[in-house]
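Inspection log for the structure reproduced underneath, given as structure tokens.
The values are calculated or read from the model by the stated rules, or taken from the named source; none is laboratory data. Computed from a predicted structure; not experimentally measured. Cβ sites come from the backbone with ideal geometry, for glycine too, and all protein chains shown count toward neighbours.
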Amino acid sequence: MSVHPARPPFIEIPNRRIFMLVVFLRACFMCTLLVLINHLIPLGTSLRLLMPAVGCGVIVGSVLAFSTLRTRGFLSLLLAAYLIFHLLRIFAAWIPFASPELVLRPFVIFEHLGLALFAFGFATALSWIFWRHRQASTLEILCLGALAVTLLAGHRNYNFQNPQLLSSLAWDFGLQPLTALVAAGLIILAFVPGYLLAISPPGRPQQLPVGRARWRTLLSSRDLRAVWRTPADNTVIRVGDQVQRGRPAWPWVIALLILVFGGIAGISRGVFLYYSREALSRTANGVGQEKGEGLSPLTFHSALGSSNQPAAVVRLEGDYRENPYSPMLYLREGALSEFAGNEMTQAAREFDQDVSGIDPGSNYQGTEDATLLQRVPVVQSVYLLTEHKTAFTLDYPLSINQLKLPEDKRFRAGYRAYSIAPGWVLDSIADLETGDPRWSQQVREHYLKPHPDPRYRELAEKIVRDAPSNVQKSGAISEYLSKNATYTLTPNHDVKDGEDPVVPFLFGDMRGYCVHFAHATVYMLRALGIPARIGTGYLTDLSQSKDGHILLRMSDRHAWAEVYVAGRGWLPFDTQPEKVESHADTQIDMKLLEELMGILGPGEEILPNKTIEAEAGIEPPSVSYLPDRSLIYMLAALLLILLSVAKLYMRYGWALTSDPRTRLRRSYASIVSLLCDLGLERRFGETREEFRERASRRFGPDLLRLTALVNALKYAPGGVTTVDRRAVDALRSADRKLVRRTAKWRHALGWFNPASLVLIFSRSRW
Amino acid sequence: MVSMLERVAHINRQPRAIAIFIFLVLCGVMRAQAGAFVAEVRADLRDPLDPFAQDSSSISTTDEHADDNKTIEELLWEANILLDDQRLLDGRSKLLKALQRDPKEYRTYMMLAGYYMQHVGHFRLALKYTKQALTLFEAKNGKPPFTDTRLRAEHAQLLYLLSQARLNLDNYQGSLDVLDEYTSYGYYSIWYPGTRAWVLMKLGRVEEAIRVARLGALAGAEPGRTLNMLGILLSMHGERESSLNVFQDAVAIEMSLGPQGQPATPLNNSGEVYKEIFQEDRAEAAWRKATSLPDGCEHVLASLNLSLLYIDQLRFKRVNEVMNQFESCVAQFPLRNGEEHRALESLARGRADLHTGRTAAAIQRLEKAIEDRQWFGKIGTSAEDLKAGAMISLAQALRAHNQRLINLHKSGFFARLAALPQRAANEIRAAWLMRRTRQLLIEELSNFEDLYVRNTDSMLEYPTLGEVLREIPARILERKLKLETAADDRSPAKLFYRLYLGENYLANGRSTEGRRLVTEVLDSAREKYDNLIKVHALELLLAELNPADGLYQRYAEQLFMLNRAKFANRGLKLPVNFDSALTAHRDQFEDTPFMLDNTNRLPFALELRKAPKTSAGKTEEQWILRLSQLNASIGTFEGRGTDLDEAISSVVESVFTEDPTA
């Protein structure tokens, strides 16, 4: 009697617990992915339905992968499942629902079930491939990586507040969204090789000891991979072998973990610092935050992009109807009036005294210039969402006082500014003089210090030929630039150290961003004898405000030229380029603004949140598209029916055939399934004889007395020509005895135990 | 229909009533304190021309310490004046100061609730303030009922605010409960019948709502608004003729109010009823009149309705004009941030782009329509209505764009390969959008109540709705349509139902029945009004027929005359005769919407010419393709290029993309 393996040499389930752990982890992982996908693309079907489907898919796929089922059989199963579903769908369409409420119900239910079936099939197929094909794990990792990238891709174009999920979490922990993003990226990066290591075939655990011994083995191994690797000669690594002789590795593991997390935190912090110190200006239209005499926050190299990262919330505490630039609002942070050879920089404190120049955590008291006319007082509250080195306000501030911050870690600082803002009509200043007659010669020269390049003067004179007054000349220059220059964040000028970065813009391709425009305007104005400087800060659109609240973003940072008009003060003479190549005008995130408004409103003690806790329609309804609970009950009933059918087949399948050999096999399977339901199942690597002995010890002698015959039938079907009918009867009798011996409640519970179902697919198990 | 009524009713008029009421209440408070009866009467009857009356310019709003010594009453009084003068932020700041001064003062919360309800539209915050006010009010004055007149008035006002806040947050039952409580204390005000009728309507208790509105109209409660409400309810109840009469009365009353009146609301609503009963000319007249009125031009609904009507009639130039006019009208209000119309405007423009063949632009606009925030307030159209309409159109645009990627781009293996990922992504996305829309329509929108053709407030494009219904099993759709037709007595609507069923049959392999139904629809569609239906029916039939068939050629000519962009959008072929010069190049036309055929005499002919072209002192040969029509009713189309491929792309683009401004 020759014995040949009845099933292909597929991967053995190495260790039940490890196997279950991997299956459980994969199920959790896939469910998490499902949640993420649902976050990106609303699936429309409840996750309460899809997640169990995916979980079941992983389990079924994994179990099937270790069965004798071949690929074509597996595909046939999937196809059969689809066909059954389709048939049921057709059948459901025939159910004569006549009421208007119910007529579409079958269609809807099957739409949801269809997606659930797809999720189930997909997870099953992935799990099958995962266990059967070693390369699949790499593919899986790649897919997961791609998904992670897609999820985190929202932050591109410097939208560091995206994905909102992550940034909200970051705010809750008092972190910058960028730090959280980098940390998430690094964790994913670390996770991918870790996961790969854990699940890749060389790392599959091979007959590791069970229970605590395994963990002892793991932690005591110097080379962790040695435990997970199958030795070339297929010998089994056992506890107490050379593995255990090494020094314990757990201190190294802890040290490694500390290093990894420390590294992640360090790198995240480093990236944030680099961003905030070095790259901020490049992501904020070239307008950074450098402060100090002789320094400039402006950069001429190509700006990296326009960041939509929220920078601050400004709340106007009163109406500002007189705003001459309506609906735009200029919030000045600094002024650059010192010409330093090739760029404008900040002057000594004796100049530009209308700018507060203080850091946002300080108070400020300015002095009112009584000679400035037609200005109106405007009060603003500013709540900073990112670090700022200088407080910004409406032109020009008389006082800045600290505000008590709301109970939310996202706010870095808050202050209330009292400004005397412009309140005139722009046309009314056309004929006014420029410069302040009270200026000393030194101050006048400071604001008029021209660029040595004569071309600025030549071009300026050409532009303002017909303008009678200095104010009109200033207007003509900004109009010229508005019409002829192109706004782009990537001018890509090749400027070497010591060269004038404005030349390739103004006398070259006329492509640049606000920094170029502002410098060119100031140089030309000064060449004409008009006192000018550059103002920096934010420019925002009031039409995107709500209830006087304005959300400032990094993309709102701006630099503009200013001219001193007698009796009015420093006025923006900004360009509005007609040709815009980049810098897309994005909408304010109104949801975020409303959220912030809610936080800035009267505090918890004044207006408690619980006032509307019990109100209907306040919280957005949970995304659930299940028609009603009946579907869940129906599914549960369906599962129960399927389980019962399978169980009945397992227990009484022997009665369906007249072939004695098949009856014998099925009777044996029936009794094994019953044992399995009662908690006694055949272990891996255990022979039938060993199992028989174990079963006899627990449930009485000779329970599986015909094991030898079954073995012969299984491994040498040709050798067994006849099966005595009495053999089957003996088995049935043993079955009945077993039923009698065990308590009824154990039988009842055993009926719901799905463990025996595995036997249907795994003939080697019984 | 729910349209502009609420703007009039709740957003504009009621809040003013709130402000006046609060003002009066405050006057009462001051009266109690000062005890000067004459002054109270003068305050109650504020004369806008009274040179001695206090106005907002005398109130300091910027001096931080100016309010330090003021009492709560003074702060509230000033806030009231400032809000009355539309100095909203100043008024709000005063109220917040009052709140910080005394967090237990319910009147401050009451005024803030009114402010957020009327001026900001932040209903959640309004509800929060109202509830806090109510709590503090009861803590101070005890539980109702009250006998004191002032307390009764304040309590009634608080209940009003609460009902409005709940109504705006779609908590209709909660709102009705408050209204019940309101009447249980014997309170009554002119807004009550209209509001109660509205809430009842939202709860589906239409008949009860009609009774309430009728009684209100008889009692003279805000006649314009109440009649408008009644008109809506009658229309919902199927009494369309009566509703039109009521709207007529409402328009007359609003007109009689002069600049204070808002006749655009009932006009817009009457237009919706006319459209529902397939009297498109009257609907057009109503909406055109509404958009020409000051209160109608600045709100999007009348313009949107008019645009959608024009799209059904394939009058794309008019669509463009209407939306441009609306935009220029809105531009008068620089501080309006467009939340109330941006998405709806994108929807109308996106659909026009789709039907004229500018699919890339259509996709962009329709994506905006889905993504943009839309402020619906209490208009009948909900976010789901808009989403469903926009998602179907976006799916159609994605599929049309895919076809155009095949048809309008240079042929060749690599060009096709390069377009493959985009096409696959578009196709998957379109299928997904259709699936989501079906779910939305069935699960969120009352079991597909919008299947009732031209259902008021629906944003669906009814002539092409069949594309969503294809996936529904024919048997289920038959049953659903049977129910709809049984409940729908409008004979022109039957056309739509037949088209849906025909399209479903065609998609499910029942071609003979499907073709029969669609042909019936094509034959019985009305001239001018049902142009988009005809176009859709023609598309379906052409997709079924063999291009060599004579019937195909006849239908193709019809489609070309109506909406030629559809050939490229749908991947259909236009049979054309061709001149002998093109014989050798027939293969190059395989991926285009042209089918070169000289076996029959066809109404269209394609000819090829070559002409020298001089540019930069260099002369090179230029290929010119010209499509002409025998009866020359639509002129000729020409495409030029340095090679034939370029000329083909050019002529295809010029023939199968329509100019919406022409």
> If only one of A:L481, A:L394, A:L403 is of a type outside the set (V, I, T), closer than 30 Å to A:A348 by Cα, buried (at least 23 other Cβ atoms within 10 Å of the Cβ) and under 40 Å from the mean Cα position of the chain (by Cα), which one is it?
Replying inline: A:L394
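Among the residues of segment B:159-171, is there at least one that is more than 14 Å from chain A (Cβ to nearest Cβ), in a helix (DSSP H, G or I) and within 14 Å of B:R107 (Cβ to Cβ)?
Step one: filter segment B:159-171 for residues more than 14 Å from chain A (Cβ to nearest Cβ), giving B:159-160.
Narrowing further to those that are in a helix (DSSP H, G or I): B:159-160.
Narrowing further to those that are within 14 Å of B:R107 (Cβ to Cβ): none.
So far as segment B:159-171 goes, no, none of its residues is more than 14 Å from chain A (Cβ to nearest Cβ), in a helix (DSSP H, G or I) and within 14 Å of B:R107 (Cβ to Cβ).
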>> Would you confirm, using the coordinates I've provided, whether A:I429 is crowded, with 16+ Cβ neighbours inside 10 Å, within 14 Å of chain B (Cβ to nearest Cβ), touching a residue at least 40 places away in the same chain (Cβ under 8 Å) and β-branched (V, I, T)?
In response: no
> Only one of (1) of a type outside the set (K, R); (2) touching a residue at least 60 places away in the same chain (Cβ under 8 Å); (3) touching a strand residue (DSSP E or B) at 6+ places or on another chain (Cβ under 9 Å) fails for A:A391. Which number is that?
Replying inline: (2)
> Hey, among the residues in segment B:423-469 that are under 18 Å from B:K494 (Cα atoms) and aromatic (F, W, Y), which one's surrounded by the fewest Cβ atoms within 10 Å (Cβ to Cβ)?
Replying inline: B:Y452
> Quick one: A:L69 ticks every box in (1) in contact (Cβ under 8 Å) with a residue 60 or more places away in the chain; (2) more than 14 Å from chain B (Cβ to nearest Cβ); (3) in a helix (DSSP H, G or I) bar one, so which box is it?
Replying inline: (3)
> What do you reckon, is B:L99 more than 22 Å from B:W77 (Cα to Cα), within 11 Å of chain A (Cβ to nearest Cβ) and in a helix (DSSP H, G or I)?
Replying inline: no
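A quick yes/no check of all residues on (1) more than 25 Å from B:L386 (Cα to Cα); (2) buried (at least 22 other Cβ atoms within 10 Å of the Cβ):
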{"position": "B:R211", "(1), (2)": "yes, no"}
{"position": "B:L218", "(1), (2)": "yes, no"}
{"position": "B:T226", "(1), (2)": "yes, yes"}
{"position": "B:N245", "(1), (2)": "yes, no"}
{"position": "B:Q260", "(1), (2)": "yes, no"}
{"position": "B:R288", "(1), (2)": "no, no"}
{"position": "B:P294", "(1), (2)": "yes, no"}
{"position": "B:S303", "(1), (2)": "no, yes"}
> Of the residues in segment A:89-136, how many are within 31 Å of the chain's Cα centre (by Cα) and part of a loop (DSSP other than H, G, I, E, B)?
Replying inline: 3
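Being touching a Leu at 6+ places or on another chain (Cβ under 9 Å) and away from every other protein chain (no Cβ under 14 Å) is the filter here; which residues of segment A:367-383 pass it? Quick ask: steps written out before the conclusion?
Start the filter on segment A:367-383 by keeping residues that are touching a Leu at 6+ places or on another chain (Cβ under 9 Å), which leaves A:367-368, A:377-383.
Across segment A:367-383, the qualifying residues are A:T367, A:V382, A:Y383.
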> Quick check, is B:R282 over 21 Å from the mean Cα position of the chain (by Cα) and at pLDDT 85 or above?
Replying inline: no
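Is it the case that some residue within segment B:183-205 is within 30 Å of B:M255 (Cα to Cα), under 31 Å from the mean Cα position of the chain (by Cα), part of a helix (DSSP H, G or I) and within 14 Å of another protein chain (Cβ to nearest Cβ)? Write out each step before concluding.
Let us first name the residues in segment B:183-205 that are within 30 Å of B:M255 (Cα to Cα), namely B:188-202.
After this cut, where a residue has to be under 31 Å from the mean Cα position of the chain (by Cα) as well, the list is B:190-202.
Cutting the leftovers down to part of a helix (DSSP H, G or I) gives us B:192-202.
Remaining after also requiring within 14 Å of another protein chain (Cβ to nearest Cβ): B:199, B:202.
Yes, some residue in segment B:183-205 is within 30 Å of B:M255 (Cα to Cα), under 31 Å from the mean Cα position of the chain (by Cα), part of a helix (DSSP H, G or I) and within 14 Å of another protein chain (Cβ to nearest Cβ).
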> Which helices (runs of 4 or more DSSP H) does segment B:491-590 wholly contain that include 2 or more residues that are at pLDDT 90 or above and β-branched (V, I, T)?
Replying inline: B:511-524, B:531-544
> Would you pick out the residues in segment A:528-548 that are more than 10 Å from chain B (Cβ to nearest Cβ) and surrounded by fewer than 20 Cβ atoms within 10 Å (Cβ to Cβ)?
Replying inline: A:G529
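Just for segment B:109-145: of the residues that are over 23 Å from B:L167 (Cβ atoms) and not in a loop (DSSP other than H, G, I, E, B), which one is nearest to the other protein chains (Cβ to nearest Cβ)? I'd like the intermediate steps shown before the answer.
Initially, segment B:109-145 is screened for residues over 23 Å from B:L167 (Cβ atoms), giving B:139-143, B:145.
Subset that is not in a loop (DSSP other than H, G, I, E, B): B:139-141.
Working: B:A139: 13, B:K140: 16, B:N141: 18 Å.
Restricting to residues being over 23 Å from B:L167 (Cβ atoms) and not in a loop (DSSP other than H, G, I, E, B), the top hit is B:A139.
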>> Pairs please, first residue from segment B:290-310 and within 11 Å of B:G271 (Cα to Cα), second anywhere and buried (at least 24 other Cβ atoms within 10 Å of the Cβ) and among the charged types (D, E, K, R), Cβ atoms under 7 Å, 6+ apart in sequence or on different chains.
In response: B:N305/B:E272
> Looking at segment A:726-759, which of its residues are within 54 Å of the chain's Cα centre (by Cα) and charged (D, E, K, R)?
Replying inline: A:K744, A:R746
> If a residue has to be at the interface with another protein chain (Cβ under 8 Å from one of its Cβ atoms) and either among the β-branched types (V, I, T) or farther than 28 Å from A:F74 by Cα (or both) to count, how many in segment A:97-120 make the cut?
Replying inline: 9
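Residue by residue through segment A:432-447, note down the ones that are assigned to a helix (DSSP H, G or I) and crowded, with 19+ Cβ neighbours inside 10 Å.
Taking segment A:432-447 as the starting set, the residues that turn out to be assigned to a helix (DSSP H, G or I) are A:441-447.
Across segment A:432-447, the qualifying residues are A:H446, A:Y447.
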> Does segment A:303-323 contain at least one residue that is of a type in the set (S, T, Y), within 14 Å of chain B (Cβ to nearest Cβ) and more than 24 Å from A:E581 (Cβ to Cβ)?
Replying inline: yes
>> Going residue by residue through segment A:48-58, is there one that turns out to be farther than 22 Å from B:A430 by Cα, touching a His at 6+ places or on another chain (Cβ under 8 Å) and within 14 Å of chain B (Cβ to nearest Cβ)?
In response: yes
